[in-house]
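Okay, so here's the structure we're looking at.
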Amino acid sequence: MLAKQYEITLPADYDLDVIRLRIKAGAPLLDDRPGLGFKAWLLRERGVDGSPVHQYAPLYVWRSDGEAARFLVGGGGFENIVRDFGRPTVQHWTVLAHFSGPARARLPVPGAATRRLTAVPVAQDPRALAAHVDGEVEQLRELARDPAVHTAVLALDPGRWELLRFVLHADHAADADAATSTLRDDPATVRFAVPHLSAPELSALPEGRAW
């Protein structure tokens, strides 16, 4: 499984309703896309939840590497982003773990998401990497038991040696109040609104550790 995200940072006076209409028009094209676990259509609004910018930053979790490749370079949809906004950098992570949360059963479309990026500590002992990841997986497993959590994913960028913790929450209030959520002033955590969730193969994602 692969996680991918690109960020389109927009001018401060940009009308975000343009992006919301884009999402409304584009979502049906991905709601049944083969090989896609889910696409979280993510928005940040300047001045909301501490965001300094307007930003459109969708995040994908693909079950199929081939379908992810087709999306990017095979005429599968990414060409529309390139046409309208230029070609952004696409961040890639290998998915290490996925957990479904209690909110998924009662709320098909979550209202909020958090993304936390942290560096993997450098250590001489090669076993330290496995131990660190084990700890992160167990933290994510515990977090995913929170009633406000819809979906939680842990992934690794081995180029930067950076871990992604991505969590879909029932709503912003639940994210702020949940006992296991990351503190609001954590500089490693970014918050997003989720206008839509395309989840054609979400239920087919393996539960727990990926290996």
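The values are calculated or read from the model by the stated rules, or taken from the named source; none is laboratory data. Just so you know, these numbers come straight off a predicted model, no measurement behind them. Neighbour counts are summed over all protein chains in view; Cβ atoms, including those assigned to glycine, are modelled from backbone coordinates with ideal geometry.
Strands (runs of 3 or more DSSP E) fully within segment 1-112 that include at least 1 residues being among the hydroxyl-bearing types (Ser, Thr, Tyr) and modelled with pLDDT of 95 or more: 2-6, 8-10, 54-56, 59-62, 90-100. Of the residues making up segment 126-153, those that are assigned to a loop (DSSP other than H, G, I, E, B) and surrounded by 12 or more Cβ atoms within 10 Å (Cβ to Cβ) are ALA144, ARG145, ASP146, ALA148. Look at (1) buried (at least 20 other Cβ atoms within 10 Å of the Cβ); (2) part of a loop (DSSP other than H, G, I, E, B) and you find that ALA123 fails only one, number (1).
For segment 100-120, does any single residue satisfy the condition of being without any contact (Cβ under 8 Å) to a residue 60 or more places away in the chain and within 22 Å of PRO187 (Cα to Cα)? Within segment 100-120, one or more residues are without any contact (Cβ under 8 Å) to a residue 60 or more places away in the chain and within 22 Å of PRO187 (Cα to Cα). If you go through segment 199-209 one residue at a time, do you hit one that is closer than 23 Å to ALA57 by Cβ, at pLDDT below 95, of a type in the set (Gly, Ala, Ser) and surrounded by 19 or more Cβ atoms within 10 Å (Cβ to Cβ)? Within segment 199-209, none of the residues are closer than 23 Å to ALA57 by Cβ, at pLDDT below 95, of a type in the set (Gly, Ala, Ser) and surrounded by 19 or more Cβ atoms within 10 Å (Cβ to Cβ).
Within segment 154-167, can one find any residue that is of a type outside the set (Phe, Trp, Tyr), surrounded by fewer than 20 Cβ atoms within 10 Å (Cβ to Cβ), over 20 Å from GLU7 (Cβ atoms) and touching a helix residue (DSSP H, G or I) at 6+ places or on another chain (Cβ under 9 Å)? The answer is no; no qualifying residue exists. Just wondering, is there one or more residues in segment 9-19 that are within 27 Å of LEU205 (Cα to Cα), surrounded by fewer than 18 Cβ atoms within 10 Å (Cβ to Cβ) and either more than 18 Å from the chain's Cα centre (by Cα) or without any contact (Cβ under 8 Å) to a residue 60 or more places away in the chain (or both)? No, segment 9-19 contains no residue that is within 27 Å of LEU205 (Cα to Cα), surrounded by fewer than 18 Cβ atoms within 10 Å (Cβ to Cβ) and either more than 18 Å from the chain's Cα centre (by Cα) or without any contact (Cβ under 8 Å) to a residue 60 or more places away in the chain (or both). Working only within segment 1-54, note down all residues that are of a type in the set (Gly, Ala, Ser) and under 29 Å from ALA69 (Cβ atoms). Correct list: ALA3, ALA25, GLY26, ALA27, GLY35, GLY37, ALA40.
Would you mind finding the one in ASP171, ASP186, ASP177, ASP157 that is at pLDDT below 60 and over 12 Å from the mean Cα position of the chain (by Cα)? After applying the criteria, what remains is ASP177.
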